[in-house]
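Please treat every number below as a calculation from the coordinates, not as lab data. Note that this is a predicted model, so its numbers are computed, not measured. Reconstructed Cβ throughout: ideal geometry from the backbone, glycine too, with neighbour counts over all protein chains shown.
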Amino acid sequence: MAFPHPNPAPRASRGKVQGTAVAPGLALGSVQIVLTGPLDVPTWSVKREDVPFEIGRLAAALNAAAERLEERQRAVAATAGAKDAEIFAVHRMILKDPHAMGEVEHAISEQRINAEAAVKLLIERYQERFSKLEGDNVRNLGSDVSDPWRYVLNVLLERDREQVLQADERVILAAAELTPAVVTFLERERLLAVIAETGGRFSHGAVLARSLGLPSVVGLPNLLARLEQGMQVAVDGDRGTVLLAPTEAQVTDFQERKRSLESRRESFRAEAGLPGTTLDGRSISVQVNVESVRDLDTFDLAHTDGIGLLRTEFLYLERNEFPSEEEQYRLYRRVLERMGGRPTTLRLLDIGGDKPLPYFQTPSEANPALGWRGIRITLRWRDLLRVQLRALLRSSTAGDLRILMPMISSLEEVREVRSLFAEIRSQLGEQGYPTADDVPVGAMIEVPSALLELERIVREVDFVSVGTNDLVQYLLAADRDNPWVSGLYDPHHPAVVRALAQVAEVAVRAGKSCSVCGEMASDPAVAVLLLGFGYDSVSVAPQFVPEIKYAVRHSRHADLVELAAQVLAQDTAQGVRAQLDRVRRSAHA
Ligand code: PEP
Ligand code: MG
């Protein structure tokens with residue numbers, strides 16, 4: 001028996017889609033679909049005597065594509081700066097690769113096909129080669145290398161901007177993938193936002209979108225199938241949501257939010273450099289989450305109290321082999337130096353589950369979220385942990401380093417890491433490496449057993465940080481990427497808020513610092529609620545820092561304690577949301 005899919009993707013559907021926020025900002029406008037994929041490429045046979053003609057067409061298209069790339073480079077250099085424009089110089093170099101050119105010419109002359117069909121084959125080969133490798137960053141490389149060849153294809157097909165250029169309104173571009181070609185498809189002034197089905201947060205396209213200040217959301221499966229050219233969409237690049245064909249009421253609401261957000265953003269920014277202290281003098285440290293070395297340049301140091309979570313995975317993901325101790329040491333040192341003495345929390349490698357490494361084969365698992373991931377892997381492959389701990393400890397003299405253990409589910413795991421930590425520290429001492437006197441070690445609280453064992457765990461760690469992204473899914477047994485149950489993944493479920501309150505209560509009683517570093521904390525109403533629960537720190541993506549500080553600075557701690565009590569008295573998620581809405585409304589008043 002076939003069940004109807006809970007989230008069908010009919011053509012031109014309305015509704016709200018949740019994706020991944022890539023570049024902040026709100027935009028409402030009509031959508032223009034950009035087909036940058038080698039779709040519908042006509043293939044025809046070429047007579048032997050026409051082969052030189054096809055190769056000539058190819059050469060002319062390569063020149064024209066190189067010129068277009070140069071134009072884009074100039075345009076991007078003028079708006080975003082020369083550094084961001086360099087990608088187009090790289091694209092021009094890729095087009096000069098004689099090997100790739102040889103492959104295309106070979107297809108034309110041996111298979112006797114037209115130039116566009118031969119270029120299409122090359123693009124598909126790139127995609128295929130890279131898609132066999134595991135890991136998002138490596139897979140993204142496939143599109144980075146094939147992207148410039150899409151320009152060539154577009155020239156050959158004479159299919160480019162006409163369809164969009166006729167319209168004089170500013171548009172929201174929608175594409176299959178967020179690539180530099182898509183982000184710069186039109187001049188910046190013509191663009192309101194960019195949305196795409198796929199594209200990494202740190203792909204070149206994403207970096208460019210941020211530099212150009214272009215709101216952007218990716219991770220929207222089936223997006224193109226749900227859109228129609230010219231359809232209205234509302235993009236929220238802060239929260240990673242897209243409203244398709246919003247109703248009149250939703251449009252009014254969105255515009256109101258946009259207006260109020262824009263005027264309020266000015267006020268947020270004006271106070272972003274001031275401490276996160278309430279009107280009655282209670283402070284919370286507002287820190288940032290860092291997912292890439294490139295992220296380090298995306299926030300204003302003066303606005304943040306530190307790094308609450310640096311996911312060291314990226315260092316392992318963006319390469320073909322494990323990074324050496326020396327490489328890790330240099331990078332950690334650089335991070336600590338950049339943070340200028342502010343608390344800097346580096347999390348131990350958290351691979352497995354949804355974060356596989358291309359060069360480290362883990363068994364395929366029926367249920368990876370409940371499988372071999374995080375500390376479970378590094379305690380088994382202990383050399384990974386050793387190397388990382390050595391690099392971390394060696395870098396510790398460069399700043400205020402804190403080490404965070406992911407996926408802790410028992411006290412034994414804490415003890416094992418701590419004993420290895422002590423062993424490595426004395427080993428480094430014997431080898432003459434200086435290390436900081438105090439390097440706090442904390443546990444992520446994201447597995448329900450750690451929650452239930454918290455009284456014991458806090459005695460043996462220096463701080464705790466709640467990873468709500470995982471905790472919510474484990475507490476509610478609901479995988480948010482599974483459309484059959486994603487509606488059950490609800491961070492406002494009373495069990496979740498009670499768990500959050502419980503962590504703070506236990507940590508405060510034990511005199512240990514506690515923080516929340518999952519996405520949930522980026523909602524200012526939740527951030528102030530956490531302060532009411534007793535948390536002394538939150539860690540969020542950099543774009544949320546000013547608003548959270550503002551919300552804290554304009555609250556009274558006494559009121560937040562009262563809010564915490566009200567929230568804990570709720571029986572339903574709806575009740576919790578009503579309380580949070582009340583906070584939002586009073587913040588707007
Ligand atoms: C979390 O689970 O909330 C968290 C911060 O860790 P990650 O998202 O990297 O799993
Ligand atoms: Mg997690």
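Things to note:
- Between Glu562 and Lys96, the C-beta separation translates, for a Förster distance of 51 Å, into a calculated FRET efficiency of about 0.15.
- Per principal axis, descending, Cα span of segment 449-586 in whole Å: 39, 36, 32
- Computed extension gain for Asp297 through Ser324, at 0.36 nm per residue and net of the alpha carbon distance, reaches 7.3 nm.
- Cα-based convex hull, segment 271-587, per residue volume (Å³, whole number): 130 Å³
- The fewest-to-most ranking of Thr198, Thr378, Thr397 by surrounding Cβ atoms within 10 Å reads Thr397, Thr198, Thr378.
- Peptides 454-465, 180-191, ordered by how many other C-beta atoms sit within 10 Å of their residues on average, highest first, read 180-191, 454-465.
- Inter-label distance, nm, simple model (7 Å from Cα along the C-beta direction), Arg264/Ala78: 3.7 nm
- Each of Val119, Val497, Val242 was scored by other Cβ atoms within 10 Å of its Cβ. Arranged with the fewest first, they read Val497, Val242, Val119.
- Applying the Karplus relation 6.51 cos²θ - 1.76 cosθ + 1.60 with θ = phi - 60° to segment 527-536 yields 3J(HN,Hα) values of 4, 6, 4, 4, 4, x, 6, x, 5, 9 Hz, where x marks Gly and Pro.
- Placing a pseudo-label 7 Å from each Cα along the Cα-to-Cβ vector at Thr572 and Glu455 gives an inter-label distance of 3.4 nm.
- Segment 72-101-segment 236-256 distance, computed between alpha-carbon centres (Å): 35 Å
- Cα gyration tensor, segment 310-374 - rounded (a/c under 1.5), prolate or oblate: oblate
- The mean sequence distance of close C-alpha pairs (under 8 Å, at least 6 residues apart), as a share of the length of the chain, puts its relative contact order at 14 percent.
- Centre separation in Å (Cα based) which lies between segment 338-401 and segment 406-427: 13 Å
- Note, ³J(HN,Hα) from phi for segment 74-86, Karplus 6.51, -1.76, 1.60, rounded to Hz, x at Gly and Pro: 4, 5, 5, 4, 6, 9, 9, x, 4, 5, 5, 7, 4
- Backbone HN-Hα couplings from phi across segment 500-516 [Karplus 6.51/-1.76/1.60, Hz, Gly and Pro as x]: 4, 5, 5, 4, 5, 4, 5, 5, 4, 4, 8, x, 10, 6, 9, 9, 10
- Mean residue ellipticity at 222 nm, helices only, the chain: -15000 deg cm²/dmol; runs of at least 4 DSSP H residues each add -39,500 (n - 2.57), and the sum is divided by the number of residues.
- Amide hydrogen neighbours beyond the local backbone of Ser465, cut-off 5 Å, H modeled: Ala443, Met444, Ile445, Ser515
- Cβ-Cβ FRET estimate between Asp437 and Arg257, R0 fixed at 60 Å, reported to 0.05: 0.80
- Ranked Glu262, Glu453, criterion: other C-beta atoms within 10 Å, fewest first: Glu262, Glu453
- Annotation: average projected area of segment 422-511 is 7.7 square nanometres, based on the convex hull of Cα atoms across all directions.
- Segment 376-415 shape via C-alpha gyration tensor axes, a/c threshold 1.5: oblate
- Amide hydrogen neighbours beyond the local backbone of Gly19, cut-off 5 Å, H modeled: Thr241, Val242
- Working from Cα pairs under 8 Å separated by at least six residues, relative contact order for segment 271-587 is 20 percent.
- Hydrodynamic radius by Kirkwood, which averages 1/r over all alpha carbon pairs of segment 168-274, in angstrom: 14.7 Å
- With the largest listed first and rounded to whole Å, the semi-axes of the equivalent ellipsoid of the chain from the Cα gyration tensor are 44, 30, 22.
- Residues listed by number, segment 569-584, amide nitrogen under 11 Å from His554 label point at 7 Å toward C-beta: 584
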